[in-house]
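Below is one structure; the comments refer to it alone.
What follows draws every value from the coordinates through simple rules; no lab data is involved. As the structure is a computational prediction, the values presented were derived from the model and not from experiment. In this analysis, Cβ positions are derived from the backbone assuming ideal geometry, glycine residues included, and neighbour counts consider all displayed protein chains.
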Amino acid sequence: MSEKEDLAKQKAEAAAKAKAVALARKQAKEEAAEKPEGEIDIAKQKAAAAAKAKAAPLARKQAKEEAAEKPEGEIDIAKQKAAAAAKAKAAALARKQAKEEAAEKPEGEIDIAKQKAAAAAKAKAAALARKQAKAEAAEKPEGEIDIAKPKAAAAAKAKAAALARKQAKAEEAAEKPEGEIDIAKQKAAAAAKAKAAAVAKAKAAAAAKNRTAVQESEEADTPSEISPNQSKLDQIVSAIESHVGQGALLENYINRLSKDVPTLVANPDTYFSIAKFLRYDEQLDFSYLSELHGTDFESHMEIYVHLHSFKMDQSVALKVKLDRDTPVIPSLVPLWSGANWPECEAYDLLGINFYEHPDLKRILLGEDWKGYPLRKDYEPYDVEV
């Protein structure tokens, strides 16, 4: 059969179909004119259903015939396009029906219908997503599927949580004026900071208390064997009590953790007098200051001074405990010039004030620096630093 004959045949079939459709419509109108209104609606619905039923197999038949003539790649594309067109047509029809039904319903029923429609749409989308996931999973190796499942679950949870937070914020924002929202945010941020600071401070205080107790118990612990420096410690303590006073020292012991150094803990009021006596007494003559530093124990501040006597060939440690809120103590620079920079460092990093120091200043940080970095509760003034 030639191409012209095929074309003529197709035109004849199309004309016959058009004529049959026109005739069917004419007959339907004539029948509708003779029927009551209720029967007309039912007849319309039946006719529409019959037309759809007749059109569907015809469309499928045409699609199969077209697919038989196309290569495999074009068939897949055609299927996708047809599926997309069908979905779009179904969605448009659903929207049209929903609008028509909404026009006939009271306002309350419309809201309920909207909610139901939204729920149905979500359920349909979820089912479609599951179907696609299964189809993709069927194409993946088993190992990749196992990895993909937890990732997908985690992503879904994260998405749901983010959506919930967003909705909660939107609801709060919708109920509050703009000014109240800003104030609420500031209060929440301040409360969170205060709570975190209080928790950190409590933890730090407990840790400091434990460290101090352990350190002092270890330092004061005296084993059964007598230290070779015990006699020298007794000599130094006796000389101090004779010249400075009986209550000048709070305690004294051999520090086993630091090469058995005789350690003197001075009363803050007698700290300078004891240091002066150790420096200038002819028998003791602690002329060399090798170390001075401060420490924050959180319950108190402490100054540690390490001295050496070349005449006695002996070292001694002098300690003093200070109030943490107002740590003030006399400077030792008038006795040992080597105390100059160490006292400036303790002032700079811990905020300990050494009065009668000839030039007390910050040597590592600027004069406008906020706070003291070696304190355990130090927080940077600029939170971004």
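Take every pair of alpha-carbon atoms less than 8 Å apart whose residues are at least six positions apart; their mean separation over the length of region 274-316 yields a relative contact order of 34 percent. Rounded to whole numbers, the Karplus 3J(HN,Hα) couplings from phi for region 292-300 are 8, 8, x, 9, 9, 9, 6, 7, 6 Hz, using 6.51 cos²θ - 1.76 cosθ + 1.60 with θ = phi - 60°, and x at Gly and Pro. The phi-based Karplus calculation (6.51 cos²θ - 1.76 cosθ + 1.60; θ = phi - 60°) puts the 3J(HN,Hα) values of region 261-275 at 6, x, 10, 10, 9, 8, 6, x, 6, 10, 4, 5, 5, 5, 4 Hz, whole numbers, x for Gly and Pro.
Note on region 279-346: along the principal axes its Cα atoms extend 39, 20, 16 Å, ordered by decreasing extent.
Summing +1 for each Lys or Arg and -1 for each Asp or Glu among the other residues whose beta-carbon sits under 11 angstrom from that of Y271 gives +2. Looking at this model, which pairs from K99/K134; K124/K166; K259/K319; K166/K370; K276/K311 are more than 27 angstrom apart at the alpha-carbon? Long pairs (Cα-Cα over 27 Å): K99/K134; K166/K370.
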